[in-house]
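The values are calculated or read from the model by the stated rules, or taken from the named source; none is laboratory data. Here the structure is a predicted model, which is why all the values come from computation and not from measurement. Here the Cβ is made from the backbone with ideal geometry for all residues, glycine too, and neighbour counts use every protein chain on show. Remember, those area values only see protein heavy atoms, side chains included, never the ligands or the DNA or RNA. Shrake-Rupley method; radii C 1.70, N 1.55, O 1.52, S 1.80 Å.
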Amino acid sequence: MTESLPAAGGTSDPTSTSDALRSAVEAAFPATIADLTRLVKIPSVSWAAFDDAHVEASAEAVAELVRGLGVFDLVEIRRAAIGEGEGEGEGEDAPLGKPAVVARRAARNGRPTVLLYAHHDVQPPGEDSDWESAPFEPTLRGDRLYGRGAADDKAGVMAHIGAIRALTEVLGADFDLGIALFIEGEEESGSLSFANFLHENRELLEADAIVVADSGNWDLETPALTVALRGAVAFRMRVSTLGHASHSGMFGGAVPDAMLAAIQLLATLHDADGSVAVDGLTSADLETPAYDEAKLRAETGLLDGVTPIGRGEILSRIWAQPAITVTGIDAPTVANASNTLVPSVAVRVSARVAPGQRDVDALAAIRSHLEAHVPFGAKLEFDAVELGNPFLVDTSGWAVAESNAAMAEAWGKEPVEIGVGGSIPFIAELVAEFPAAQILVTGVEDPDSRAHSPNESLHLGVFQRALLSEALFLARLDARSEDS
Ligand SMILES: [Zn+2]
């Protein structure tokens, strides 16, 4: 296989390096899929109710693959404490986060260092009966590999490993590019030790550019760079109107029950067309690709005759505007619904924050709105707050330009800049710890990957193109001098 490739380290012709990388990725692809399959078989669910041993086994398996690359000065499995604290010096019995794999090789000759991020933990599989093939028995059907984590994000892990393998195959292990690797083990359970981990491993992870391989592509033929992510704010609100329950026939009509107060209050969060009606929540100004109502209807299962909500371009509503959803109400069930005035009701409110606004400011705006609109002087209490900042990429840096060029070359098509309605709060933490680094959010998913759902899958063509993009990107950075 090596005879068709240029001698290690011996090529300076960018075209031949590209061709050689393409051949190397292609030749190694079956082995890459075999490695991915082994990783997917490990049920590394990071949620508290699941066995930690699987996450440990998964970290071991990833570390083994990374050691096998032979290009790192250090490869280790590390954990950090969960919680506020400054990390070191915290109580020794502070609970630890899940195991992450870290690795680093130093840059030489003025080359940049790139940090490659992915996560090896997965979402719970849900009911086996909802899957066409067992979630942890990776199965190939057509062009897709099915299994929990086959896309999110074990394919992200393998994209990094496969790209470094191809680079080493073509340039030899003695290249100049600095690479740091961070394969997290708790992304799906809230990245609880993430901030401490970054802080404690700052020197290992510091880089000029960070590739977060945990997002998706526009479609099977079009690569994407994720440039906007909404933030998330969620909280529990208790609405109380009465000291105790009463017979609704005796007092109904004279005093408000908590359900009435909660329903009236929650109804003020949106206008008649379903747009968010909270003063102080801001929107971002983002250009969005075309996306029509028929597609929205098909992708969401919107029932015939039911209208979409919100204003403006559809993708702007999802990527650039705030959203508020009531995701749960603790109240008597219908089966237990006696004729009673309910004294107190708890509600879960989950909001998405547009890029450009801080999570704490969005939370403050929503709270002020609720306090200003509460009917009948009902009492409100707030707790169980969760926060996550949104993220907007500065696309003017050299890393974005190199990444776009690499994607265009690998896919034969220019990438589109996309937003994501969901949130990846750890990205804001990365920015906070490494404010000077350029952040690239890439990924191996496509619109049919169904991450987090039954029948999650990876499209092998998309995966190969994403892997080649990353290999080309690394080669471009390795050829970059300090002043270019
Ligand atoms: Zn993920």
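Table for the structure above
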item: Identity of the residue in the range 234-258, of a type outside the set (Ser, Thr, Tyr), in contact with a Pro (Cβ under 9 Å, 6 or more places away or on another chain) and surrounded by 15 or more Cβ atoms within 10 Å (Cβ to Cβ), that ends up nearest to GLU371 (Cα to Cα); result: ALA258
item: Criterion: touching a Leu at 6+ places or on another chain (Cβ under 8 Å), open to solvent by less than 70 Å² (accessible area, probe 1.4 Å) and away from the ligand (no atom under 16 Å from the Cβ) - qualifying residue of ALA106, ALA61; result: ALA61
item: Residue in the range 145-156 that is crowded, with 22+ Cβ neighbours inside 10 Å and within 17 Å of PHE473 (Cα to Cα) present; result: yes
item: Answer from ALA173, ALA150 - the residue that is away from the ligand (no atom under 16 Å from the Cβ), assigned to a loop (DSSP other than H, G, I, E, B) and not β-branched (Val, Ile, Thr); result: ALA173
item: Condition broken by GLY356, with the remaining ones in (1) farther than 24 Å from PHE391 by Cα; (2) assigned to a loop (DSSP other than H, G, I, E, B) satisfied; result: (1)
item: Selected residue (criterion: nearest to VAL326 (Cα to Cα)) from residues of the range 212-229 that are surrounded by 20 or more Cβ atoms within 10 Å (Cβ to Cβ) and in contact with a helix residue (DSSP H, G or I) (Cβ under 7 Å, 6 or more places away or on another chain); result: LEU229
item: Number of positions in the range 153-170 that are under 20 Å from the mean Cα position of the chain (by Cα) and either more than 16 Å from the ligand (Cβ to nearest atom) or in a loop (DSSP other than H, G, I, E, B) (or both); result: 2
item: LEU269 vs. criteria surrounded by 15 or more Cβ atoms within 10 Å (Cβ to Cβ) and modelled with pLDDT under 95; result: no
item: Output for the range 202-211, where each listed residue is open to solvent by 10 Å² or more (accessible area, probe 1.4 Å) and either under 17 Å from the mean Cα position of the chain (by Cα) or touching a residue at least 40 places away in the same chain (Cβ under 8 Å) (or both); result: ARG202, LEU204, GLU206, ALA207, ASP208
item: Yes/no for ILE183 being open to solvent by less than 10 Å² (accessible area, probe 1.4 Å), over 30 Å from ASP285 (Cα atoms) and within 16 Å of the ligand (Cβ to nearest atom); result: yes
item: Options ALA364, ALA331, ALA351: the member that is within 34 Å of the chain's Cα centre (by Cα), assigned by TED's automatic domain parsing to the domain that holds ASP279, under 22 Å from ALA234 (Cα atoms) and open to solvent by less than 20 Å² (accessible area, probe 1.4 Å); result: ALA351
item: Residue ID - farthest from the ligand (Cβ to nearest atom), chosen from residues in the range 208-252 that are closer than 30 Å to HIS459 by Cα and assigned to a loop (DSSP other than H, G, I, E, B); result: GLU221
item: Contacts under 7 angstrom Cβ, first residue in the range 156-167 being more than 16 Å from ASP121 (Cα to Cα) and assigned by TED's automatic domain parsing to the domain that holds VAL71, partner among the small types (Gly, Ala, Ser) and modelled with pLDDT of 95 or more, 6 or more apart; result: GLY162/ALA28; ALA163/ALA471; ARG165/ALA28; ALA166/ALA24; ALA166/ALA28; ALA166/ALA471; LEU167/ALA471; LEU167/ALA475
item: THR325, sole failed condition from (1) under 24 Å from the mean Cα position of the chain (by Cα); (2) closer than 25 Å to VAL416 by Cα; (3) surrounded by fewer than 14 Cβ atoms within 10 Å (Cβ to Cβ); result: (2)
item: Residue that is modelled with the highest pLDDT, among those in the range 299-321 that are in a helix (DSSP H, G or I) and open to solvent by 80 Å² or more (accessible area, probe 1.4 Å); result: THR300
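This table checks each residue for (1) surrounded by 13 or more Cβ atoms within 10 Å (Cβ to Cβ); (2) part of a loop (DSSP other than H, G, I, E, B); (3) touching a strand residue (DSSP E or B) at 6+ places or on another chain (Cβ under 6 Å).
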{"residue": "LEU39", "(1), (2), (3)": "yes, no, no"}
{"residue": "VAL66", "(1), (2), (3)": "yes, no, yes"}
{"residue": "VAL114", "(1), (2), (3)": "yes, no, yes"}
{"residue": "GLU132", "(1), (2), (3)": "no, yes, no"}
